[in-house]
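One structure is given below, encoded as structure tokens.
Only the coordinates and a few stated rules stand behind these numbers; no lab work does. Owing to the predicted nature of the structure, the values given are computational and were not obtained by experimental measurement. Glycine also receives a Cβ, built like all others from the backbone with ideal geometry; neighbour counts cover every protein chain displayed.
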Amino acid sequence: MTSSPAQPPACPEAPARHGPLRRLTARGRDETHRGVSSLELFFDLCFIVAMAQAGAQLVHAMVEGHVGEGILTYLMIFFAIWWAWMNFTWFASAYDNDDVLYRIVTLIQMAGVLVLTAGVSQAFEEHAYLVVVLGYVIMRFAMTVQWLRVARSSQGPERTTALRYAVGLCQIGWLGLLALPEAGRPWVFLVMALLEMAAPLYAERARPTPWHPRHIAERYGLLTLIVLGETIAAATVAVKSGIDEHEALGELLPIAAGGLLIIFAAWWVYFAVPIHGHLRSNRQSFLWGYGHYLILVSGAAIGAGLEVAVEQAVGKAYLSPLSAAVTLPTALFLLTVWALHSRFYKVGIAQQSVLPVTALLVVVCTFLGHWAVLAAGLVAALAVAAGVTLTALGASPGLGTGGEGAAVAVP
């Protein structure tokens, strides 16, 4: 999953595309104009369906009053979705040769996530994880096939790395999870998740995989963008439903306005700086890649929280305080983006403090009752304005808003 700066590129240019069957060999880290493929975008859309289903079930659980139980199940399901996506993403960045077999195996993996999606409602409502685990097994099988193809086409340390990824001993633990009593599943899940995340550390010790920094940064950025787009869509549908069924325009306008400001601010702070230049070492790439679980899970949860706020506003839910479903994931998103992205491009205490202080103020907004979501949105918007102003007053050289070499508007 990660790469060392000293690792030489396996090949200087991308392999020829659209061939029938070829050896699955490593791509070069110095390929020019390396972009996201249409297959990768198609792949992401299938995963967004799964994330949206998990978010919808979280809303249902919270509206019914099962807050703690719903959040725990949501975090577990989201981890399974995110981990499968991440494994494919880093693999594709290093080994995508776009031949027929590669495409077919990727489509099988997409089928696996759709199977997992079909089991999300059972996991939330009945705590039955058979279909979810079956979908995960299908995805894991597809990745094993890809790594075995790499092993067949390589030798030495590279082959060792591929075989270590292909073994997948953790899969036995996931299957065993089905036989455990319900009370013990979260703890076993936590152990299995930690083992899964430790597996790449072990596999990459033989030879780092030659992923492409710009490609990886773009892949993560596009998924984050799609998640934020899905958040807007879910919140819009909830507001429309509330207006159509209850004509509660006055109650819903502050939620809609605040939600829109929050999501716009989330987009702004995430994409304010180019992050690929930071992805240089094993340690940096692991922390950055794994940390995106918090970015993605909180970004998706903002949409679910806005739906819960709408349900509360029209009298369908009774949570106290209801706005925590919006403010807490918003604060987590802002704080994590600061930790993984923005802090590396800030100069001075003032710039460094903007996002952490904003996250704290957003949490305080929780206690403002009906105006909490709007207040949180205004705080987030003011954070963007503060970042732009501070950067204009004392911008560090060499940073850019959409590229490199210009002053950056970093909150």
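What the table below lists for this structure:
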| quantity | calculated |
| --- | --- |
| Per-selection Kirkwood Rh - the chain (Cα, Å, 1 d.p.) | 22.3 Å |
| Net length gained if the chain between His370 and Ser37 were fully extended (0.36 nm per residue, minus Cα distance) | 115.5 nm |
| All-pairs Cα distance distribution in the range 213-394, expressed in whole percent, bin size 5 Å | 1, 9, 18, 20, 18, 14, 9, 6, 3, 1, 0 |
| Among 357-364, 33-40, the order from most to least packed when residues are scored by Cβ within 10 Å on average | 357-364, 33-40 |
| Charge context of Ala50, other residues only, Cβ under 13 angstrom, K/R +1, D/E -1 | -2 |
| Positive-end residue, the chain charge dipole about Cα centroid, Cβ charges, pick of Ala206, Met139, Trp267 | Ala206 |
| Around Trp147: net Lys/Arg minus Asp/Glu count, Cβ-Cβ under 12 Å | +4 |
| Burial order of peptide ranges 332-338, 101-107 (average beta-carbon count within 10 Å, highest first) | 332-338, 101-107 |
| Exposure proxy order (Cβ contacts within 10 Å, fewest to most) of Ile216, Ile226 | Ile226, Ile216 |
| Three-way shape call for the range 174-236 based on the alpha-carbon gyration tensor, with the a/c threshold at 1.5 | oblate |
| Size of the range 196-281 as Cα extents on the principal axes (Å, biggest first) | 62, 28, 16 |
| Protection proxy ranking, peptides 286-299, 146-159, average beta carbon neighbours within 10 Å, highest first | 286-299, 146-159 |
| Stretchable slack from Val167 to Ala257, in nm (0.36 nm times residue separation minus alpha-carbon distance) | 27.5 nm |
| For the range 133-266, the spread of Cα positions along each principal axis, largest first, Å | 66, 44, 21 |
| Kyte-Doolittle mean at least 0.0, axial Cα span of 24 Å or more - DSSP H helices of the chain | 38-63, 67-95, 100-118, 130-153, 185-203, 213-246, 249-271, 282-313, 348-364, 372-394 |
| Between the range 352-374 and the range 248-284, the Cα center-to-center distance that results, in Å | 14 Å |
| Cα-centred dipole magnitude for the chain, charges only on beta-carbon of K, R (+1) and D, E (-1), debye, nearest 20 | 1700 debye |
| Scaled radius of gyration (Cα, divided by 2.2 N^0.38 Å) that the range 38-203 gives | 1.07 |
| Net dipole in debye of the range 38-203 [+1 Lys, Arg Cβ; -1 Asp, Glu Cβ; about Cα centre; nearest 20] | 560 debye |
